[in-house]
Each structure stands twice: as structure tokens, then as C-alpha cells.
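Chemist: Please see the structure below; I have some questions.
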Amino acid sequence: MAKPKSTAVPHHVAIVMDGNGRWATKRFLPRVAGHKQGVDSLSRCVQACMDRGIGVLTVFAFSSENWNRPSDEVSGLMELLAFSLSREMPRLKANGVRIYFVGDRTRLSEKVQEGLAQAELATSDNTRLVFNVCFNYGGRWDIAQAAQKLMKAGQEITEMSLDRAMALAHVPDPDLLIRTGGELRISNFLLWQAAYSELHFSDRLWPDFDEAALDEAIAIFQSRERRFGQTSAQLEGRKSAVSPTSKEKVT
Ligand code: IPE
Ligand code: IPE
Ligand code: MG
């Protein structure tokens, strides 16, 4: 591995949690058993992020395109969302995690929508980790909804106004974007926000993505040089690069 360019942990880590289905199929289990295991992996990952001083964790839990899966898998995922939320809430709340659900909620049942709103409210005073769960989320949906919001308000569409209208406007852009499961694609995740994220693809299936795998991703991140369009020589003359996309956001 290349020597570290920085020892700072990424402030914002985003993860495409892929590979649950294959994890289950390899064990002759139904795919939804893989998703259940994926929730346990996520629960460990939240703790690991807090232990390492990461400020924001954003995960892709259900994409706009995942509705195209067999209906029993879709309903299994909806049930798992509601079940996991009620199971994990007390711990998240006690540990200082502030949860946000990011995505189009209108297609979710009223009961689920209520549960999401309650969880957000119950953790709204927490400050240790911002935890964004992208559910029924798509990068294209996000850009379109932001443009619609501005249009309705009669505002001009600029990079800055669009950025402020995006679903993740409450956090800075991800520094590190991880995809597990071995696929080398974004699958309509943070299309706008990942403009300058460092990308890391892991062959591990999401249920097997443990603390050591996270540490490896962080170490690789630290070995990268983030130039944001500048040259290495320019960066050497300064202490740290300034991201052209860095904005004054809440965290
Ligand atoms: C990711 O795991 C979880 C969701 C998309 C909900 P997959 O279910 O896509 O797992 P694989 O890719 O089929 O193994
Ligand atoms: C991306 O995984 C979505 C989530 C992890 C929620 P998919 O498994 O749906 O992605 P594709 O279909 O392989 O691109
Ligand atoms: Mg997949």
C-alpha cells in the first residue's frame, strides 16, 4: 500500500451496501436472510464509525430501482426497515446518533413514513454521528426534486442553489464512497454529491464487511492525494487542499 498522504479519517463516509443476496444464496438461505444479516453488519458499522471519529455515515439501503425486484423481496425489505428501526432506535438514540432518512417517502406506507419521522425527531438533538439512510433514493431523483423545488419557489438554478436543495444539503459531500460486493458501478447513488469523493470498491459482501475492512478502506483513502483539480506541486505549497465543492453545511 502507498504511504499515507494524510492521517485524517474521512469526515463523511458513504456506502453502497451490496452483496446481501449473494451472501444468503451461498448459504442456501432466502435472500431476505442476507438482508437481515446486512442490518447486523450496518449496526456494527455505525459503532465502528463512531469509534473512529467519522462524523457522517450515509448508506444506500434501497434504491429507486430496487422496486423492480420480486415482490416478496420488496415486501421483506419494507418489513425489515420497520422492524430494524424499532430494534435499533434505543441504541442509536442513547449513543448520540442523529438519523435522517433520505429519499422519496411518498411510495412508503403511512405507518412506515410515521416511523421514519418519529425516529428523526427522537434523535434530533444528537450530535455524535449523522447517519443518513438512503431509502427509495436515486441520484437522478435527487437532482430532479431539487430542480423542481427551486422552480416552484421561482429561484434561479445555479450550482449553489441546486446544492442547497439536494436531499443531503445538511451535510458536506462524502469524502470516501465505498461499494461492497465487487461491482464497479455507482448504481444511481449520490450522483451529484460524489463529484470529488474518493472511491473504494471492496470484494467483500456487505454482511462480511467488518471493522478490519473499514480500516483498510480508511487507510487506502489516507494514501490518496486529493487534488480537486490542482497540481501536486500546488498542494505541497499548502497545508490542505480546499475542495471546490466544500460548502458551509451544518456538520
Ligand atoms: C444490497 O444487496 C441490498 C439491496 C439492494 C437492498 P443485494 O440484495 O443487491 O445483494 P446481491 O447484489 O444480490 O448479492
Ligand atoms: C445498489 O445495489 C443499491 C443498494 C445497495 C441499496 P443493487 O444491487 O441494487 O445494484 P445493481 O442492480 O447491481 O446495479
Ligand atoms: Mg446487488
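Chemist: Listed residues Gly21, Gly55; which is over 17 Å from the mean Cα position of the chain (by Cα), buried (at least 16 other Cβ atoms within 10 Å of the Cβ) and modelled with pLDDT of 95 or more?
Modeler: Going through Gly21, Gly55 in turn, the sole match is Gly21.
Chemist: Go through (1) part of a helix (DSSP H, G or I); (2) surrounded by 20 or more Cβ atoms within 10 Å (Cβ to Cβ) one by one and return the number of the condition Ile178 breaks.
Modeler: (1)
Chemist: Has the range 108-123 got any residue that is away from ligand 3 (no atom under 16 Å from the Cβ), loosely packed, with under 15 Cβ neighbours inside 10 Å and outside any helix (DSSP H, G or I)?
Modeler: Looking through the range 108-123, at least one residue is away from ligand 3 (no atom under 16 Å from the Cβ), loosely packed, with under 15 Cβ neighbours inside 10 Å and outside any helix (DSSP H, G or I).
Chemist: Within the bounds of the range 191-207, is there any residue that is in a helix (DSSP H, G or I), among the small types (Gly, Ala, Ser), at pLDDT 95 or above and away from ligand 1 (no atom under 16 Å from the Cβ)?
Modeler: No, every residue in the range 191-207 fails to be in a helix (DSSP H, G or I), among the small types (Gly, Ala, Ser), at pLDDT 95 or above and away from ligand 1 (no atom under 16 Å from the Cβ).
Chemist: Consider only pairs whose beta carbons are under 7 Å apart and that are at least six residues apart or on different chains; among these, list those whose first residue lies in the range 71-82 and is modelled with pLDDT of 95 or more and whose second residue is within 15 Å of ligand 3 (Cβ to nearest atom) and not in a helix (DSSP H, G or I).
Modeler: As it stands, the answer is Leu77/Phe62, since those pairs meet every condition given.
Chemist: At pLDDT 95 or above, hydrophobic (A, V, I, L, M, F, W, C), open to solvent by 10 Å² or more (accessible area, probe 1.4 Å) and under 27 Å from Arg227 (Cα atoms) - does that describe any residue in the range 132-150?
Modeler: Checked the range 132-150: at least one residue is at pLDDT 95 or above, hydrophobic (A, V, I, L, M, F, W, C), open to solvent by 10 Å² or more (accessible area, probe 1.4 Å) and under 27 Å from Arg227 (Cα atoms).
The values are calculated or read from the model by the stated rules, or taken from the named source; none is laboratory data. If you're wondering where the values come from, they're calculated on a predicted model, not measured in any experiment. Neighbour counts are summed over all protein chains in view; Cβ atoms, including those assigned to glycine, are modelled from backbone coordinates with ideal geometry. Side chains are part of the model used for accessible areas, which takes the heavy atoms of the whole protein and leaves out ligands, DNA and RNA. Shrake-Rupley method; radii C 1.70, N 1.55, O 1.52, S 1.80 Å.
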